[in-house]
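Student: My questions will all concern the structure given below.
The values are calculated or read from the model by the stated rules, or taken from the named source; none is laboratory data. From a predicted model like this one, the values you see are computed outputs, not experimental measurements. No Cβ is skipped: glycine too gets one built from the backbone with ideal geometry, and neighbour counts run over all protein chains shown. Accessible surface is based on the protein model in full, side chains and every heavy atom, while ligands, DNA and RNA are left aside. Shrake-Rupley method; radii C 1.70, N 1.55, O 1.52, S 1.80 Å.
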Amino acid sequence: MVRQMIGILGVLAMVTACSSADEPGPFDNRAQTRPELVVADPTTVSAGDLVELSFPQETERGVPWVLEEQDGDTWHQRYLLWSDGNGGTPDWVGHEDEERWGWDGVGVSGPGPDTVLVPDTAAAGHYRLCTANARENFCAELEVTG
């Protein structure tokens with residue numbers, strides 16, 4: 001089921017505030033890994049692979065996701081991903097392409113799966129996929145092997 005969660009102006013304000021740094025930190029520093037809310041399959045992927053996201057509690061979420069890379073104890077946003085949760089095609093954009101960091105405030109609920117595309121330019125490393133417009137953002141961890 002798809003329904004309106006957040007107004008587009010609020011989303012654009014949050015995106016502008018969170019994506020403008022040269023070396024951006026986490027998109028939402030309150031977001032936590034929550035395996036009871038989102039499960040990624042597979043959890044080890046290559047750049048360019050698809051990942052299915054399932055929601056054991058049918059948690060409400062949006063279509064946009066942030067792919068953040070771990071560096072020590074800090075997460076750094078690298079990509080904005082759009083899932084197929086509302087019937088669209090999975091897509092992505094890099095954090096440096098600020099003018100494309102926006103989305104309609106559409107909400108999705110149900111068990112999923114919602115599919116996201118790991119960017120073909122993602123370097124090998126430890127990442128997390130985090131919701132970008134849920135009421136409370138949550139994440140699933142992912143290993144990119146190259």
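Student: If I filter the range 120-139 down to residues being within 15 Å of TYR79 (Cβ to Cβ) and under 12 Å from the mean Cα position of the chain (by Cα), which single residue comes out as surrounded by the fewest Cβ atoms within 10 Å (Cβ to Cβ)?
Tutor: ARG128
Student: Is it the case that the range 95-106 has a residue that's open to solvent by 50 Å² or more (accessible area, probe 1.4 Å), touching a Leu at 6+ places or on another chain (Cβ under 8 Å), outside any strand (DSSP E or B) and at pLDDT below 90?
Tutor: Yes.
Student: How about the range 37-83: which of its residues are among the hydroxyl-bearing types (Ser, Thr, Tyr) and under 22 Å from GLU96 (Cβ atoms)?
Tutor: If the condition is that a residue be among the hydroxyl-bearing types (Ser, Thr, Tyr) and under 22 Å from GLU96 (Cβ atoms), then THR74, TYR79, SER83 are the ones that fit.
Student: Moving on to the next point. List pairs: first residue in the range 52-76 and on the phi > 0 side of the Ramachandran plot, second residue surrounded by fewer than 19 Cβ atoms within 10 Å (Cβ to Cβ) anywhere in the structure, Cβ distance under 6 angstrom, at least six positions apart or on different chains.
Tutor: Once the first residue is on the phi > 0 side of the Ramachandran plot and sits in the range 52-76, its partners that are surrounded by fewer than 19 Cβ atoms within 10 Å (Cβ to Cβ) give GLU58/SER109; GLU58/GLY110; GLU58/PRO111.
Student: Filter the range 22-53 down to the residues that are assigned to a loop (DSSP other than H, G, I, E, B), over 17 Å from GLY125 (Cα atoms), open to solvent by 50 Å² or more (accessible area, probe 1.4 Å) and not charged (D, E, K, R) and list them by number.
Tutor: Of everything in the range 22-53, those that are assigned to a loop (DSSP other than H, G, I, E, B), over 17 Å from GLY125 (Cα atoms), open to solvent by 50 Å² or more (accessible area, probe 1.4 Å) and not charged (D, E, K, R) turn out to be ASN29, PRO35.
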